[in-house]
Each structure stands twice: as structure tokens, then as C-alpha cells.
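Everything below concerns the one structure shown next.
Just so it is clear, none of the values below were taken in a lab; they were calculated from the coordinates. This one's a predicted model, so the numbers in the text were calculated from it and none came from an experiment. Heads up, the Cβs are rebuilt from the backbone with ideal geometry, glycines too, and the neighbour counts pull from every protein chain shown.
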Amino acid sequence: MKSFMFVSLILVLSAGILMAGGIVTNTNQSAAYMRTLNRNASTDVDAVYYNPAGLTKLEDGLHLSLSNQSIWQTKTVTNSYQYLNSDEYVGNVFAPIFPNIYFAYKTGNLAVSGGFQPIGGGGSADYEEGLPSFEMSVADLVPALANQGQPISAYDADIAFEGSSIYYGVQGNISYKINDMISIGVGGRYVSAVNQYIGHLKDIAITLGGNQMPATVFFTNAATQYANAATSASTAANALSSAITAGQVTGGTPLAAMDSDSSLINGLIAFGIDPTGYTVDNAITAYSGAASSASASAAEMTAKSNLLDDQEVDVTQKATGFTPIISLMLTPMDGLDIAFRYEGLTKLELVNEADVDKQALVGYESDGTPVYEFPDGKKTHADMPAMLALGVSYKASPKLRTEFNLNYYMNTAVDWDWATKDTTVGTKSEDFLGNGYEIGLAVEYQLSDKMAFSVGFLSADGGAKSVYQTDLSYSLKSNTIGLGLAYKVSDAMTINFGGLNTFYQNDEREGQHDLGGSGMMVDYTEKYLKTTFGFAIGVDYKF
């Protein structure tokens with residue numbers, strides 16, 4: 001029985017905090033983005049991320065941008081598995097600090113720039129009651145023991161999980177204006193990923209005959225009973241073998257002839273064996289088999305007791321990678337900017353750093369070797385997909401600007417080890433994912449010489465197929481509305497204020513659970529919900 005189900009945790013945080021982007025990529029990378037949701041054709045300093053080629057439109061000099069976003073997200077999973085104590089599990093994700101820092105130095109036709117951003121993850125998630133996948137195997141204790149005739153009526157457990165994830169990105173670009181119509185940019189981003197998971201499964205108890213008791217005590221007692229039975233059977237077999245060796249009986253002697261008090265016959269009956277017509281040889285074989293079976297059952301009960309004992313997980317996963325970036329900006333006419341950005345595949349291989357006593361025991365090999373969910377040193381592929389970004393900005397009048405954006409995420413080309421989680425579907429990422437996209441539109445209106453108001457809309461589909469979804473990692477289609485203000489304090493300083501709310505399309509998956517490892521599959525339906533909102537403030541300054 002796998003009592004501690006910390007499975008597929010690679011994405012639970014890295015995907016958990018996303019408001020905008022692909023399954024593992026954040027694109028909410030400035031306060032100006034928060035108020036527009038569409039910045040791919042930016043010609044402000046946040047173009048360091050969104051449109052490096054567009055930096056050639058800055059005034060000559062040094063430009064700096066500092067902003068922070070605060071983000072709240074609630075993830076709710078409901079599960080219809082009939083043996084769970086609760087059908088609803090809620091995780092709260094909070095990122096109070098989500099910073100973006102950019103600089104650009106422009107001189108003539110050349111711009112050099114750099115930036116820092118949380119390119120993936122960026123928050124912490126707290127599941128105070130755990131998740132269905134953590135609890136289902138514990139819940140199986142009730143029907144499994146009831147099927148064995150045990151008067152069990154309930155279970156209880158203390159389950160909790162908390163984790164944090166951050167993929168830091170440090171980016172550098174060089175941009176060049178070829179002529180008034182064409183600018184280009186090349187650059188790269190160094191990515192450093194750090195995930196940390198802390199959780200526990202403690203105080204598992206069962207209510208037996210109206211009395212609550214630790215589950216470990218029940219299975220330890222059962223192991224002792226089986227061990228005693230194995231000793232009794234082995235003793236009886238040895239006694240019969242010794243009698244043959246001493247010449248007291250032969251192997252063909254009827255068992256009843258040497259058991260005037262019926263202890264040997266009753267002993268076989270106790271093991272569910274009908275002794276009628278048994279000879280001494282038959283009895284030795286039967287007792288030896290009973291001893292072997294009881295010993296195996298004692299070992300099984302001991303293993304279950306160990307799995308149901310208090311367990312903890314404390315693991316950190318780290319990886320580094322590099323993202324190549326190329327950018328192109330076209331200005332075919334005054335007021336119209338068309339920007340393209342391509343970010344290549346980022347190879348990441350997460351490596352576990354785990355406390356030897358906190359690796360999440362999930363079972364044993366046939367030779368008794370413990371199997372852990374997070375063995376120290378284990379490597380997991382967790383690539384960030386390549387993406388193609390398009391932005392079209394059009395200034396319809398001196399006061400009105402519109403922008404259209406499209407982001408396309410090439411999910412099917414990544415190497416994600418967790419794609420093997422459902423072997424009935426396949427083992428490659430494309431069996432669980434299609435390519436993802438975001439499409440959006442923004443409108444910005446100049447209220448005065450100093451203040452501009454903007455509103456944006458974004459529709460997103462991460463590309464997840466229904467078979468991809470789990471309580472730990474799910475991606476939902478969404479629509480987001482953002483709005484805010486830009487206020488020009490002086491010719492050198494502009495402040496951006498923005499806020500957004502994301503509305504998700506709920507999803508569900510039909511699943512099956514192996515009841516207590518018995519091979520009997522029980523159907524259930526799992527539903528996934530999410531809410532996200534956030535706000536940001538940022539300052540752009542020209543020296």
C-alpha cells in the first residue's frame with residue numbers, strides 16, 4: 001500500500017502561480033503588463049523581456065524599470081471517491097513579491113539591455129488538508145479491512161503539504177536598428193530553478209469496533225499474530241520430521257495414529273487445512289506451507305505498518321538552463337509596430353537534494369529495499385518549452401493605441417519525465433499535451449498629457465489534454481481582464497498601476513483507483529477549479 005502519495009510534484013508549484021503564460025512559463029513580467037495583458041510590441045523599457053528589438057525606439061540614454069506584482073490564487077479540487085472523508089481540497093497560493101527589474105542603454109542605433117524576472121513559478125502553495133492523491137490509499141483501509149471481516153467504521157489522518165517554486169531568469173540582449181523600418185535583437189536568458197516541497201502524513205488511525213486506534217498498532221499486532229502462527233507451524237513440522245528421524249514413525253503413518261490428543265490435527269484445522277486422511281509426510285508439507293504463508297503475511301503486515309507510520313518529505317530540487325532569444329521589429333508605417341520574438345527550448349534537469357529521513361517512503365522492492373518518492377540525487381527532466389510571440393501595436397490617433405498579441409508554446413517538443421504518469425495513454429509529452437497559446441487585445445487611451453488608462457483581455461489555452469490533469473498538476477483554459485493607469489510624474493519618470501482577474505473554465509477527469517492494491521479498480525470523477533487575481537506597481541526612469 002502506498003500510503004504517502006507525493007507524486008508528480010514537479011509542476012504543482014511551477015504551474016501553480018501562473019496568471020499568464022504556458023504551463024511552466026510566466027509572461028506576466030511588468031506592471032505595464034498587468035494593466036494591458038499585451039506587451040509583445042512594447043517600445044518601453046519592459047521591452048527587455050517582451051520585445052528586445054523594440055528597445056531601439058527608446059531615447060538615447062540609460063533607462064531603468066522596477067516593478068512588483070502581488071498575486072493570490074486558490075486551487076480547488078473535488079473528488080468523488082466514495083471512501084474519502086472529504087470531497088473538497090483547497091490549496092492557497094500566494095506570491096507577495098514577484099519582482100521585475102530591467103535596464104537598457106540606448107545610443108544611436110544600438111541598445112544593450114538586461115533584466116531579471118521570475119520566468120517560472122514564483123509563489124508558495126499551502127494544502128492544509130493535503131490532496132486526494134495523498135489520502136486515497138489511506139481511505140482504502142476502511143473497505144479493505146471491512147472486506148476481511150474487521151468491524152472498521154472510519155479512518156483519520158493528519159495530512160499537509162506546502163511547497164515553493166521559483167525559476168529565476170537573468171537575461172541579456174543586444175539590439176540594433178538596421179533602418180527606420182527594421183530592428184533586430186539577439187540575447188539569452190540564464191534560468192536557475194529551485195523547488196522545495198515540505199509535507200507530512202501523520203497520526204493515521206482507524207475506528208475498530210467503535211474504538212479508535214493507531215493503524216500501525218493494528219498491523220503490528222497482526223504481524224505478531226502471523227509470526228506466532230508461523231512459529232507454531234514450523235515447530236509442528238520440525239517435530240514430525242524429528243519423529244521420522246528417530247524411527248518413531250514413518251512418512252506414511254496416518255496422522256491420527258500419532259496424535260491421541262488431536263493437537264496436530266487441530267493445528268492443521270487452525271490453518272484452514274482439512275487433515276482427513278493425512279499421513280505424516282502430508283502433514284509436514286502442510287505445516288511447512290502454512291509456516292511459509294504466515295511468515296509472508298507477517299512481513300506484509302510489518303511493511304504496511306511501516307508505510308502507515310508517521311512520514312515526512314523535505315526535498316529541494318535544483319536545475320539550471322539557458323534560453324536563446326531572437327527578436328525582430330518592423331515599422332512599415334508611422335504608428336504601426338509589428339514585433340516577433342522567439343525563445344528556444346530551455347533544457348532543465350532537476351536534481352533532488354533530500355534529507356535521508358524525509359524522502360517519502362512509498363513501498364519496498366522484492367528484496368525488502370525501501371523505495372522512496374524523492375531519493376537523494378534523483379534527476380528529473382523538466383524542460384521549458386520554446387515559444388513564439390507576436391505583437392502588433394497600432395496608434396489609431398494621438399490619444400488611442402491598440403495592441404494585439406499572440407503567444408504560441410511548443411509543448412510537444414519538451415522532455416518531461418512526469419509524462420509517464422498514465423501508462424495507459426503513453427510515455428511521451430505529446431500524449432498528454434497539445435501546443436498551447438494565448439491571444440489578446442489591449443486598448444490604451446491618453447486621458448491627459450500625464451495620465452493614460454488601459455484595459456486588456458487575454459484568452460489562454462495551455463494545451464493540456466484531459467488525461468494530463470491531476471490534483472497536483474492541472475492547467476485550465478482561462479480568460480483574463482486587466483486594467484490600470486500610467487502616470488507620467490515627469491519627463492524622466494512614469495509610474496504604472498495595474499490589476500487583473502482571471503476566470504477559468506473548470507475541467508474534470510474520469511479516473512480509476514486500485515482499491516488497497518487489490519487489483520479492483522474503483523471509478524471516480526475529479527474536478528478542477530481555480531481563481532487568480534493580482535495587482536502591480538512599477539516605476540520607469542530615464543537617466
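Oblate is the label for the stretch 230-290, because the ratio a/c of its alpha-carbon gyration tensor axes (a ≥ b ≥ c) is 1.5 or higher and a/b is not greater than b/c. Per residue, the average separation of C-alpha pairs within less than 8 Å and at least 6 apart gives the chain a relative contact order of 19 percent. Modelled label positions at S293 and A243, each set 7 Å beyond Cα in the direction of Cβ, lie 2.1 nm from each other. Put a plus charge on the Cβ of each Lys and Arg, a minus charge on the Cβ of each Asp and Glu, and nothing anywhere else: the dipole of the chain about its Cα centre is then about 2200 debye.
Expressed as an acute angle from 0 to 90° and rounded to the nearest 10, what is the orientation of the C-alpha long axis of helix 215-245 relative to the principal long axis of the chain? Approximately 40 degrees, to the nearest 10. Maximal additional length on extending the A396-M520 stretch stands at 38.2 nm, based on 0.36 nm per residue less the C-alpha distance. Using only side-chain charges placed at the Cβ, +1 for Lys and Arg and -1 for Asp and Glu, the dipole size of the stretch 208-358 relative to its Cα centre rounds to 340 debye.
The spacing between the stretch 176-232 and the stretch 321-336, judged by their C-alpha centroids, is 43 Å.
My understanding is that a pair violates if its Cα-Cα distance is over 32 Å; which of K378/K465; K347/K399; K399/K542; K177/K465; K304/K530 do that in this structure? Those over the limit are K347/K399; K177/K465; K304/K530. Relative contact order of the stretch 454-543: 27 percent, from C-alpha pairs under 8 Å at least 6 residues apart in sequence.
Across the options L348, A452, F134, the greatest Cα extent toward the positive end of the charge dipole of the chain (unit charges at beta carbon of Lys, Arg, Asp, Glu) belongs to A452. Summary of the geometry: the stretch 60-132 and the stretch 451-494, compared by the centres of their Cα atoms, lie 12 Å apart. Note on Y487 and N92: the model spin-label points, each 7 Å out from Cα along the C-beta direction, lie 3.1 nm apart. Residues whose amide H falls under 5 Å from that of T253, counting only those 5 or more places apart or on a different chain, are V280, D281, with hydrogens built in the peptide plane.
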